[in-house]
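Beneath this line is the structure, given in structure tokens, with notes to follow.
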Amino acid sequence: MRNPAVAAAIPEFRPLDDSHDPHIVKLVQLLEPSLSVPLIQDRISAMRTQGSEFVGVFEAELLGIAAISWRMHCFSGRVAYVENVVFELHARQRGLGELLMNWLEHYAKNQGCSMITLDAYQRNTRARTFYERLGYDPRGVHFVKSL
């Protein structure tokens with residue numbers, strides 16, 4: 001639920017280059033504290049190599065991030081995939097997540113995407129409620145098998 005004491009500053013959304021990687025690592029660790037810094041750094045680098053882009057939400061500082069990548073589906077055409085949406089603890093519950101998702105949706109549409117997709121853990125009811133409130137439809141089941 002959005003906090004009515006939203007900051008007066010208007011957030012800025014912009015792509016992040018590798019100079020922001022230390023902050024990206026810090027934010028990703030909020031999502032998964034068990035991951036080591038070197039492992040996260042390697043994965044960020046690999047994601048960029050494979051075409052993922054990191055987007056930052058700024059006011060006076062970097063407050064949050066998301067990664068976006070592109071896929072081609074037989075039935076849907078070009079599709080955007082969003083992951084690693086995370087904000088600093090002090091920046092949560094201010095409506096910034098909704099603003100970031102709106103920005104990503106417009107960006108994806110301008111990149112020729114017909115839809116935007118993402119995953120949320122079944123047990124993460126806050127995230128699922130958030131995305132459903134924004135109009136995301138939980139259409140399928142994401143199957144996982146460890147190798």
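The values are calculated or read from the model by the stated rules, or taken from the named source; none is laboratory data. Keep in mind that this is a model prediction, so the values were computed, not measured. For neighbour counting, all protein chains shown are included, and Cβ atoms are generated from backbone atoms with ideal geometry for every residue, glycine included.
Summary of values
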| quantity | calculated |
| --- | --- |
| Residue within region 58-68 that is in contact with a helix residue (DSSP H, G or I) (Cβ under 9 Å, 6 or more places away or on another chain), crowded, with 20+ Cβ neighbours inside 10 Å and among the β-branched types (V, I, T) present | yes |
| Unmet criterion (only one of (1) modelled with pLDDT under 95; (2) under 22 Å from S114 (Cα atoms); (3) under 14 Å from the mean Cα position of the chain (by Cα)) for S76 | (3) |
| Residue match in region 110-126 (condition: of a type in the set (G, A, S) and closer than 19 Å to V57 by Cα) | no |
| Subset of region 22-39 [more than 22 Å from A80 (Cα to Cα) and touching a residue at least 12 places away in the same chain (Cβ under 8 Å)] | H23, V25, L30, V37 |
| Odd one out for M101 among (1) surrounded by fewer than 12 Cβ atoms within 10 Å (Cβ to Cβ); (2) aliphatic (A, V, I, L, M); (3) in contact with a helix residue (DSSP H, G or I) (Cβ under 9 Å, 6 or more places away or on another chain) | (1) |
| Region 40-64 - residue that is of a type in the set (A, V, I, L, M, F, W, C) and closer than 18 Å to I10 by Cβ and, of those, modelled with the lowest pLDDT | A60 |
| Per-region count, region 107-133, residues surrounded by 12 or more Cβ atoms within 10 Å (Cβ to Cβ), more than 14 Å from the chain's Cα centre (by Cα) and either closer than 23 Å to R14 by Cα or touching a residue at least 40 places away in the same chain (Cβ under 8 Å) (or both) | 5 |
